[in-house]
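A quick write-up on the structure given underneath.
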Amino acid sequence: MPQGDKSSYTDKQKRKAEHIEEGYEKRGVPKKEAESRAWATVNKDSGGGNKSGSGRGKPDTNAASKQGGKAQRKGSPEARTAAARKGWETRRRNGNA
């Protein structure tokens, strides 16, 4: 199979790669880079191409999706507390609380 050939991927894997690629493009990643990242994500989740059919292929681990979504904490706990207090005061003063 030539490099870049997607024939051994299931329809579900192809749809998943397309969806991931669209997400990267919305965030400003160039088309070719977005496609590359999308297929890397699909490969990480599913272990590569899975031929369709009963009992064939490997179950998806969804490893890549478990990595994301963690908030980046910046600054010391004291600094975050001070920022939270400042935000609360601003919202209260402006009538948004």
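Checked against a 21 Å cut-off, the cross-linked pairs LYS31/LYS74; LYS12/LYS44; LYS6/LYS32 give Cα-Cα distances beyond that limit for LYS31/LYS74. Straight-line reach from LYS26: taking Cα to Cα under 15 Å and skipping same-chain neighbours fewer than 8 places apart, the aspartates and glutamates in range are GLU18, GLU35.
Here LYS86 is the anchor, and the aspartates and glutamates within straight C-alpha reach of less than 18 Å, apart from those fewer than 8 places off in the same chain, are GLU78.
Applying 0.36 nm per residue to the separation of ASN62 and LYS32 and subtracting their alpha-carbon distance, the gain on full extension is 8.5 nm.
Throughout, read-outs are computed from the coordinates displayed, never taken from laboratory work. All figures in this text were calculated on a predicted structure; none of them were measured in a lab.
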